[in-house]
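Student: After the structure tokens below, expect a handful of questions from me.
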Amino acid sequence: MYDSFAELIEPVKTASLSTAVLTVWASFVCVSAAADFQVTTQIFRGNARIPAVTYQTVFHGTKVYDVVTTPPRQATIIDYDSGQITLLDPQRQVKLTLTTQNVLQHSAYFKSHANFPEGPLWTFLRDPKFEANYNQQNQVLKLAGDPLTYEADLTPIRDQPTVDAYSRFCDWSSQLNFICAGSDLPQARIELNNQIRAKGAVPAEVRKTIRHADPTKSISLRSTHEYRWELQEEDAQLIQSIEADLANAKAVSFDEYVKPAFVTAQK
């Protein structure tokens with residue numbers, strides 16, 4: 001369960017639930033009706049033309065199926081009706097089911113107890129402050145910070161519930177990748193999600209740049225997002241496949257599921 005906007009997540013350190021975390025909680029419990037749709041996300045490193053990771057994300061009713069199609073296949077299933085999030089690793093045939101409260105508790109604990117590295121990036125991310133600029137003509141949103149900048153090409157859509165549904169998913173994906181895959185803290189990413197959501201839009205492309213005093217150590221990442229506003233047979237087949245894998249998977253504890261993910265994330 002590596003990120004659908006994965007690689008595009010940033011940190012902050014705090015001993016309590018921050019405003020951003022509470023926003024994520026509110027986004028889970030206040031679910032408005034949105035049409036079913038599908039998103040294909042690809043993550044690129046630097047100037048690479050071949051994606052490092054590809055995701056298929058299907059929004060169906062009050063569930064979201066987020067599937068890493070790049071081997072090894074993994075999936076996240078968010079069920080807003082039950083307030084549960086299930087992480088699935090078909091290769092190991094294991095699954096982990098968390099309540100939303102579990103996710104927020106783990107997130108708050110790790111933020112207050114983890115030993116984060118020192119340096120300009122982490123200093124910024126402990127309390128990220130962005131200068132926001134939106135070019136309405138080009139529909140480009142820029143959040144500039146030092147040393148982190150996001151730039152997003154937006155696609156405005158008329159259906160606000162769909163905008164909310166995608167933003168809500170991205171918020172929870174950020175939290176999950178922090179606690180389960182060793183990714184960065186989620187607040188800066190959630191701020192970007194909020195800014196996009198406020199524009200009544202979804203991202204077509206997001207570019208993330210982390211500047212370093214040594215230019216050779218600077219990092220650039222890019223994600224592309226293609227939307228299909230009506231589900232097709234292949235989407236139904238993907239859901240059926242995930243449900244079958246869920247039925248065959250063994251339920252395990254948080255530690256049993258997460259430790260291998262952390263090991264993988266560090267390789």
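Student: Failed condition for His106, given (1) crowded, with 18+ Cβ neighbours inside 10 Å; (2) at pLDDT 95 or above, with all others met?
Tutor: It is condition (2) that His106 fails.
Student: Restricting to the stretch 138-171, name every residue that is closer than 17 Å to Gly61 by Cβ, surrounded by 17 or more Cβ atoms within 10 Å (Cβ to Cβ) and either at pLDDT below 95 or among the acidic types (Asp, Glu) (or both). Talk me through it step by step, then tell me what you get.
Tutor: Residues of the stretch 138-171 closer than 17 Å to Gly61 by Cβ: 159, 161-162, 164-166, 168-169.
Narrowing the set further to residues that are surrounded by 17 or more Cβ atoms within 10 Å (Cβ to Cβ) leaves 162, 164-166, 168-169.
Selection gives Asp164 alone.
Student: Within the stretch 69-83, take every residue that is buried (at least 19 other Cβ atoms within 10 Å of the Cβ) and not aliphatic (A, V, I, L, M) and give me the one that is farthest from Val258 (Cα to Cα). It would help to see each step written out before you state the result.
Tutor: The first filter runs over the stretch 69-83 and keeps only residues buried (at least 19 other Cβ atoms within 10 Å of the Cβ), leaving 74-78, 80.
Retained after the next criterion (residues that are not aliphatic (A, V, I, L, M)): 74, 76, 80.
Details: Gln74: 13, Thr76: 13, Tyr80: 22 Å.
Across the stretch 69-83, the extreme among qualifying residues is Tyr80.
Table: residues versus (1) touching a helix residue (DSSP H, G or I) at 6+ places or on another chain (Cβ under 8 Å); (2) farther than 20 Å from Thr40 by Cα; (3) not in a helix (DSSP H, G or I).
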| position | (1), (2), (3) |
| --- | --- |
| His106 | yes, yes, no |
| Lys111 | no, yes, no |
| Glu118 | no, yes, yes |
| Leu121 | no, yes, no |
| Ala132 | yes, yes, yes |
| Leu141 | yes, yes, yes |
| Glu151 | no, no, yes |
| Leu154 | yes, no, yes |
| Ser173 | no, no, no |
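Student: Also, quick follow-up: Quick one: which of Thr57, Thr86 is in a strand (DSSP E or B), at pLDDT 95 or above and closer than 30 Å to Arg207 by Cβ?
Tutor: Values: Thr86 fails: closer than 30 Å to Arg207 by Cβ.
Of Thr57, Thr86, the one residue that is in a strand (DSSP E or B), at pLDDT 95 or above and closer than 30 Å to Arg207 by Cβ is Thr57.
Student: What number of residues within the stretch 135-158 are more than 16 Å from Gly200 (Cα to Cα) and of a type in the set (Asp, Glu)?
Tutor: Looking only at the stretch 135-158, we keep the residues that are more than 16 Å from Gly200 (Cα to Cα), and these are 143-151.
If we keep only those that are of a type in the set (Asp, Glu) as well, we get 146, 151.
Summing the residues that are more than 16 Å from Gly200 (Cα to Cα) and of a type in the set (Asp, Glu) in the stretch 135-158 gives 2.
Student: Could I ask something else about it? Among what's in the stretch 176-204 and is among the polar types (S, T, N, Q) and modelled with pLDDT under 90, pick the residue that is nearest to the chain's Cα centre (by Cα). Spell out how you get there, then give the answer.
Tutor: From the stretch 176-204, those among the polar types (S, T, N, Q) are 177, 183, 187, 193-195; that's our starting set.
Subsequent filtering for residues that are modelled with pLDDT under 90 retains 177, 183, 187.
On the way: Asn177: 7, Ser183: 10, Gln187: 11 Å.
Per the stated criteria, the residue is Asn177.
Student: All but one of (1) surrounded by 17 or more Cβ atoms within 10 Å (Cβ to Cβ); (2) over 22 Å from the mean Cα position of the chain (by Cα); (3) not small (Gly, Ala, Ser) hold for Thr86; which doesn't?
Tutor: (2)
Student: Which of the residues belonging to the stretch 123-151 are of a type in the set (A, V, I, L, M, F, W, C) and within 19 Å of the chain's Cα centre (by Cα)?
Tutor: Taking the stretch 123-151 as the starting set, the residues that turn out to be of a type in the set (A, V, I, L, M, F, W, C) are 124-125, 130, 132, 140-141, 143-144, 148.
Hits for the stretch 123-151 are Leu125, Leu141, Leu143, Leu148.
Student: Report, by residue number, each residue of the stretch 119-134 that is at pLDDT 80 or above and more than 21 Å from Val206 (Cα to Cα). Don't jump to the end; show me each part of the working.
Tutor: Taking the stretch 119-134 first, the residues at pLDDT 80 or above are 120, 124, 127-134.
Residues satisfying the conditions are Pro120, Asp127.
Student: Something else about it: Do the conditions hold for Ser82, that is, is it of a type in the set (Ser, Thr, Tyr) and in contact (Cβ under 8 Å) with a residue 12 or more places away in the chain?
Tutor: Numbers: of a type in the set (Ser, Thr, Tyr): yes; in contact (Cβ under 8 Å) with a residue 12 or more places away in the chain: no.
No: the conditions fail for Ser82.
Student: Next question. Somewhere in the stretch 215-222, is a residue of a type in the set (Gly, Ala, Ser), out of contact with any Leu (no Cβ under 9 Å at 6 or more places or on another chain) and assigned to a helix (DSSP H, G or I)? Give the steps one after another, and end with the answer.
Tutor: Residues of the stretch 215-222 that are of a type in the set (Gly, Ala, Ser), as a first pass: 218, 220.
Filter once more, keeping what is out of contact with any Leu (no Cβ under 9 Å at 6 or more places or on another chain): 218, 220.
Okay, now just the ones that are also assigned to a helix (DSSP H, G or I), so none.
Within the stretch 215-222, not a single residue is of a type in the set (Gly, Ala, Ser), out of contact with any Leu (no Cβ under 9 Å at 6 or more places or on another chain) and assigned to a helix (DSSP H, G or I).
Student: Do we have any residue at all in the stretch 141-154 that's touching a strand residue (DSSP E or B) at 6+ places or on another chain (Cβ under 7 Å), within 26 Å of Ala34 (Cα to Cα) and aromatic (Phe, Trp, Tyr)? Steps first, please.
Tutor: Just the residues of the stretch 141-154 that are touching a strand residue (DSSP E or B) at 6+ places or on another chain (Cβ under 7 Å), to begin with: 141-144, 147-154.
Going one step further and asking which of them are within 26 Å of Ala34 (Cα to Cα), we end up with 141, 152-154.
Okay, now just the ones that are also aromatic (Phe, Trp, Tyr), so none.
No, every residue in the stretch 141-154 fails to be touching a strand residue (DSSP E or B) at 6+ places or on another chain (Cβ under 7 Å), within 26 Å of Ala34 (Cα to Cα) and aromatic (Phe, Trp, Tyr).
The values are calculated or read from the model by the stated rules, or taken from the named source; none is laboratory data. A quick note: this is a predicted structure, and the numbers were derived from the prediction, not measured. Methodologically, a virtual Cβ is constructed for each residue, glycine included, from the backbone with ideal geometry; neighbour enumeration extends over all protein chains shown.
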